[in-house]
Each structure stands twice: as structure tokens, then as C-alpha cells.
Amino acid sequence: MKEGGLKPYLLILPLAFVLAFITYSMAETIYLSFFEVSYLNPFYKKFVGLGNYLWLFTHPSPTRPYILDWLTRSLIWVASSVSVKVLIGLGGALILNEEFKGRGIFRALTVAPWAIPWAMAAMMWAWVYNNQYGILDSILMHIDKYTGLFKALGIKLPLAFIGLPLPSFISCLIADIWAGVPFMTMVFLAGLQAIPQELYDAAMIDGASSFQKFRHVTLPQLSPIIMVASLFSIVWTFNSFDFIWILTQGGPLHATETLPIAIYNVAFRWLRVGGLGKGAALSVIQIAIVSTVIYFYMKLLRRG
Amino acid sequence: MRRSYLRSALIYLSALLFLFYLHLPTYQMLLTALQPWDEFIKHVPPLLYPSHITLINFINMFKVVPELPTYLMNSFIYGTGVGLLSILAAIPSSYSLARFKFKGKEAILALIIYANMLSPIMLIVPIYRFMRVLNLVNTYYSVILAGSIFTTPFCTWLLTSYLRGLPREIEEAAMIDGCSTSKIILHIVIPLSAPAIVTSFIYAFITGWSQQFILALVLIQRDELMPVTQGLYMFFARSSVRWAELMSAILVSTLIPLAMFMVVQKSLVRGLTAGALKG
């Protein structure tokens, strides 16, 4: 490593420009959150002080959501999505860590969904959930045809996966989890493969069962990676936009309106006047939350 | 012996369940795209396997979505633009980070990790206003410039860690021979780090091709400039969806990023997972 005088600074200019733009954008977001600005004419702006924030916190009617609705929904969204992503990812990694015929194909099929653009995947999921021809209902109806299971339970098919508030939320969740599983699986696989074999050998000598090995060797060895990957995933899940937007646009009855969807709706769709400013105020909250999570994530990285 | 049979049966069963979830949407896409639509809707409930295979939907999709070639071309332009801009910024920056000691380097490394976690949705308000004020809304530049902001940090990180693992002797010898820094980068650093450059380019290309849906949604309103994700979404959002043609179009426009991803799969997956774990 050498001192290069001015040279390293000149070389890093392109990246510095990118980082400067990000810093500028954040400052601009905070600045705009104190103004009345609209997307129709962003050149005109009027200072309103804390007006935009007050708007976020006023709750004129139960039908118009406000900041606490969005925050709770985002919190439930992130908590359920990330925990299931971790569980399924861990399962996938444990499978991939075994020796079996067809493992190469299994690996390729596991990473492939990663490359499917989320917007495309969201439309594919909309088709899966379609209550006329969707494959999910088809499968259920085929099961029903042969076993009469749903008729016996009194469940009428086809089910509407999208249309009612709670099922819509769960349907969006399932699609979002789907998008995160390949990453989680590969992260955990890398972690599993880094566990020294001696630990398992020692456990074997002590007569540990498969489950005991998992509980006392695998999990403790993997837990730092689970922590880091969860924090990473929290940020991405919190920012998740494409799936919800394409599947439900935040509806029905705002049931799937998380913070990112709210930003887009408030800034660009609902309000002809002042939307951009109020959207900026929402973005400030979004940035603050995400930055806090990133702070803990980076602290954890430093330690590891 | 009996135990090991049980064990492998369990492995295959859970692997199948896992793949069922991951490939339910892809399976239905193939099922719809490769079957005549009349055949598909004839059965109630629809069959779970194709009864006839046809490629007719791939011809019809150009009639139903006549702008599809334009959309694909646009996605190609966005992907290439974001890819090129990201690696052009990342190459000198990563060389500086990997080879020199300077004040503020630690801060920049921390900022790279921070920036890598940001999503376009967080900064969409200032980005929109910035592009409006510069009159760049509804141009290729707006999406490419904004898109590169979010891909450059990861590309720089990937290249920096690759360069750190490369021996410096050749560069040092060239330096003693009086080679300029630009010559060293062009003739030594770029050829030696070509695999990492290709991986970062493909990462940024895929992201620009498709992953930055919100940017196009906000910055592009004109049909002839839409990337394929947005264009097909517009088609999807209309009241009556032609599913067979839509799924065919999605299949075609997913194959390109998928093929690129698979080419560099090993190194890209390694890079992305290490990027999340090591920072």
C-alpha cells in the first residue's frame, strides 16, 4: 500500500460523485419535506414548516391511512417476511449441504429465480393467484376432485387469494418471501460450508444425534451469519415495492400499503398539490429507519 | 442401511417441496406460454400439465403487444447504459481503494457499504425533482444515470476485493519502467481483473435491465422509452389480460437476464453473498 499524493483522490472521483449525489439527495429530501411541492410543477415551492409532518400524523378518517398505519403494516410485513425467509433459506441450505444425486441441478434451480426481474415475477405470481385459471386454485381443485377434502371442510373453491384485505397481504408476503429465498439459501450454504468438520467429528465421538449436532454445532456456528443476513434482508424487505405494487397497488382498502407504497402514492398519485413535499417527509422517515438498521448491520460486520 | 434410505428419502422430499415453492410461478408461466390458450381454458380446473405444445403464443405476443421489440430494445439500452457507467466508475475507484493509502479511505469504504443497501424508492422524490429540473424526464439518461447510482457501490466493492487478491508485482514493475497510471489501468489492471469486471457488468446490466422498476415508473411515461418490465406491466394493468401472450412475453424477456446470470452464476452468487456478509 503506498501514498500516491493526489493520484488516489483523482482516481476515486467517479465514486465520490456517486456518493455525493446520494448525500445531496438525502439533504434534498429533508429540505423538500419542509415545503409544499408538487410533481406537476416541481419548480414552484412554498415553505410550510412542519406542515407536511403534521399531515402525516393527522388521521381524519379510518378510511384514509396515516403514518402509524403504514409503520405498523411495514413492521408486520418485515417481521413475518424476514423470519420466514430465514427459516426456508436455512432449510434450503441444509438440503444443499448434503450429498445427493442431482445436487447440481437443485443448486441451479435454487439460484435461477434470483435472475427473474421482480416486476416479471410479480406478474407471474398474479397469474398463480388468479382465481379463474391460477395454478394454486387448480391444484386445490384437483385435490378436491380426488379427495373431497375441501367439500368436507365446507371450503368453497376457487379461493380468492387477492381481493380481500388479509389474504391479499399474505399473498404479497408469499411472493416477496419467494424472491428472498435464493439469496438466503446461498448465504447460509456459504456459512454451513465454513463450519470446520472437526466440530462435527468431535460431536460424533461424543455420541451426538443428528438433531443434537444441528442444535449444538450448526446453529451456534451459523448464528452470526443469520444475524447479518437478517439485518441485510430487513433493509431489502422494508424497501420492497415491485411485488406489492403489481399485485395489489397497496389495496384492497390499503391492506397492503407499506411505507414504500405509501411514498409512491403520496408523492405521485393521490395529491395534485403538495404531494412531493409530503412524500419527501415520508421518505425522511423511511431513510431514518433504514439508516438505523444499516448502522447496526455495519456494526455487526465490523465485529465479525 | 435402512436409516440412510430414510435419510435420502427425506432429503429428496424436502428438496421437492422447496423447488415446488420456488418454481410454482415459473412452471405456470411455461404451462401457459407453451399451450394453446383454448386448450388451456377448455378444462375446468385447468390441467396441471400441457396437453399440446405450441409456439403460437410467441408469434401472437407481437400482435397483442406490438411494442414488445421496442420495450426489449429499451431494456437493452438501460441495461447496457447502467452496466457501462457502473464499471467505468468502478474501475478507477476500486484501483484507488485497493492500491493506495489516503485520508478518508475508511470513510469511503463505510459509505460504499451504506450506499449498497439503498433502494431507488428511498430517494425517488429527489431523483424525480432533479431529473425534472434538468429536463431529463422521459429520456434514456434519467433512468441510466439514476440507476447507476445504485449499482456503482456494489461494482466498486466487488472490484476492490478482487484487486486486493491480485499480485502487485507486474504493476510495480511497470511503474518502475515509467508507465503512467492510466496505462497501468488500461494494460494491466483491466486485463487481469477481466473476470470481476464481467461479473460486475452483468450484475449492473441485469439490475438496469429489469430490477429498477420504480425508476422507470416515475421517470418514463412515453411508450417508446419504456423498459420491458414497465411496458408489460402497462399491458398487464389494462382490464383484460391476455395471459398466454403475456406469459410468453415475460418468458422471452426473462431469458436474457437469466442467461447472463447463469454464465457468471458462481462468481456473482459468491460476490453477492460475500458482499452481504463481509462488507
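Quick notes on this structure:
- Residues that are over 22 Å from the mean Cα position of the chain (by Cα) and surrounded by 22 or more Cβ atoms within 10 Å (Cβ to Cβ), drawn from segment A:276-302: A:Leu276, A:Gly277, A:Lys278
- Residue within segment B:233-246 that is surrounded by 24 or more Cβ atoms within 10 Å (Cβ to Cβ) and over 20 Å from A:Phe243 (Cα atoms) present: yes
- Residue list for segment B:137-162, restricted to those being surrounded by fewer than 20 Cβ atoms within 10 Å (Cβ to Cβ) and either under 17 Å from the mean Cα position of the chain (by Cα) or in a helix (DSSP H, G or I) (or both): B:Tyr140, B:Tyr141, B:Ser161
- Verdict on B:Phe201 being surrounded by 22 or more Cβ atoms within 10 Å (Cβ to Cβ), within 30 Å of A:Ala267 (Cβ to Cβ), at pLDDT 90 or above and out of contact with any strand residue (DSSP E or B) (no Cβ under 9 Å at 6 or more places or on another chain): no
- Flag for B:Leu134 being more than 10 Å from chain A (Cβ to nearest Cβ), more than 22 Å from the chain's Cα centre (by Cα) and closer than 30 Å to B:Pro167 by Cβ: no
- Scanning segment A:62-76 for residues that are basic (Lys, Arg) and in contact (Cβ under 8 Å) with a residue 40 or more places away in the chain yields one hit, A:Arg73.
- Taken together, A:Thr237, A:Thr185, A:Thr248 contain a single residue that is over 30 Å from A:Asn265 (Cα atoms), buried (at least 18 other Cβ atoms within 10 Å of the Cβ) and modelled with pLDDT of 90 or more, which is A:Thr185.
- Taken over segment A:202-224, residues that are exposed (fewer than 11 other Cβ atoms within 10 Å of the Cβ) and in contact (Cβ under 8 Å) with a residue 24 or more places away in the chain amount to 0.
- Check on B:Leu251, surrounded by fewer than 24 Cβ atoms within 10 Å (Cβ to Cβ), in contact with a Leu (Cβ under 9 Å, 6 or more places away or on another chain), touching a residue at least 12 places away in the same chain (Cβ under 8 Å) and not hydroxyl-bearing (Ser, Thr, Tyr): yes
- Taken over segment B:103-131, the residue count meeting the criterion of being more than 7 Å from chain A (Cβ to nearest Cβ) and in contact with an Asp or Glu (Cβ under 9 Å, 6 or more places away or on another chain) is 1.
- Residue pairs whose Cβ atoms lie under 8 Å apart, sitting 6 or more positions apart in sequence or on different chains, and linking a residue in segment B:10-22 that is within 10 Å of chain A (Cβ to nearest Cβ) to a partner that is of a type in the set (A, V, I, L, M, F, W, C) and surrounded by fewer than 17 Cβ atoms within 10 Å (Cβ to Cβ), are B:Ile11/A:Phe100; B:Tyr12/A:Phe100; B:Ala15/A:Phe100.
- Within segment A:88-105, the set of residues being buried (at least 20 other Cβ atoms within 10 Å of the Cβ) and either closer than 16 Å to B:Pro257 by Cα or of a type outside the set (Val, Ile, Thr) (or both) comprises A:Gly89, A:Leu90, A:Gly92, A:Ala93, A:Leu96.
- Test: residue in segment A:120-134 that is farther than 28 Å from A:Trp77 by Cα, in a helix (DSSP H, G or I) and either under 21 Å from the mean Cα position of the chain (by Cα) or without any contact (Cβ under 8 Å) to a residue 24 or more places away in the chain (or both): no
- Members of segment B:61-102 that are free of Cβ contacts under 8 Å to residues at least 40 places away in the same chain, facing chain A (nearest Cβ under 9 Å) and under 19 Å from the mean Cα position of the chain (by Cα): B:Leu88
- Unmet requirement for A:His59, which otherwise passes all of (1) within 11 Å of chain B (Cβ to nearest Cβ); (2) free of Cβ contacts under 8 Å to residues at least 12 places away in the same chain; (3) in a loop (DSSP other than H, G, I, E, B): (1)
- Subset of segment A:124-176 [surrounded by fewer than 16 Cβ atoms within 10 Å (Cβ to Cβ) and hydroxyl-bearing (Ser, Thr, Tyr)]: A:Tyr146, A:Thr147
- Members of segment B:28-83 that are among the small types (Gly, Ala, Ser) and either touching a His at 6+ places or on another chain (Cβ under 9 Å) or more than 15 Å from B:Met247 (Cα to Cα) (or both): B:Ser51, B:Ser75, B:Gly79, B:Gly81, B:Gly83
- Elements of type helices (runs of 4 or more DSSP H) in segment B:23-118, at least 1 residues being modelled with pLDDT of 95 or more and surrounded by 19 or more Cβ atoms within 10 Å (Cβ to Cβ): B:68-99
- The number of residues in segment B:234-267 that are part of a helix (DSSP H, G or I), within 30 Å of A:Pro224 (Cα to Cα) and more than 9 Å from every other protein chain (Cβ to nearest Cβ) comes to 2.
- Residue under evaluation B:Met175, criteria (1) within 10 Å of another protein chain (Cβ to nearest Cβ); (2) in a helix (DSSP H, G or I); (3) buried (at least 20 other Cβ atoms within 10 Å of the Cβ), criterion not met: (3)
- Within segment A:135-167, the set of residues being in a helix (DSSP H, G or I) and away from chain B (no Cβ under 13 Å) comprises A:Thr147, A:Leu149, A:Lys151, A:Ala152, A:Leu153, A:Pro165, A:Leu166, A:Pro167.
- Elements of type helices (runs of 4 or more DSSP H) contained in segment A:186-262, each with 1 or more residues being within 13 Å of another protein chain (Cβ to nearest Cβ) and among the aliphatic types (A, V, I, L, M): A:219-238, A:242-248
- Looking at A:Ala288, A:Ala267, just one residue is over 22 Å from A:Ser168 (Cβ atoms), more than 10 Å from every other protein chain (Cβ to nearest Cβ), small (Gly, Ala, Ser) and part of a helix (DSSP H, G or I), and that residue is A:Ala288.
The values are calculated or read from the model by the stated rules, or taken from the named source; none is laboratory data. This one's a predicted model, so the numbers in the text were calculated from it and none came from an experiment. FYI the Cβ positions are ideal-geometry reconstructions off the backbone, even for glycines, and counts take in every protein chain you see.
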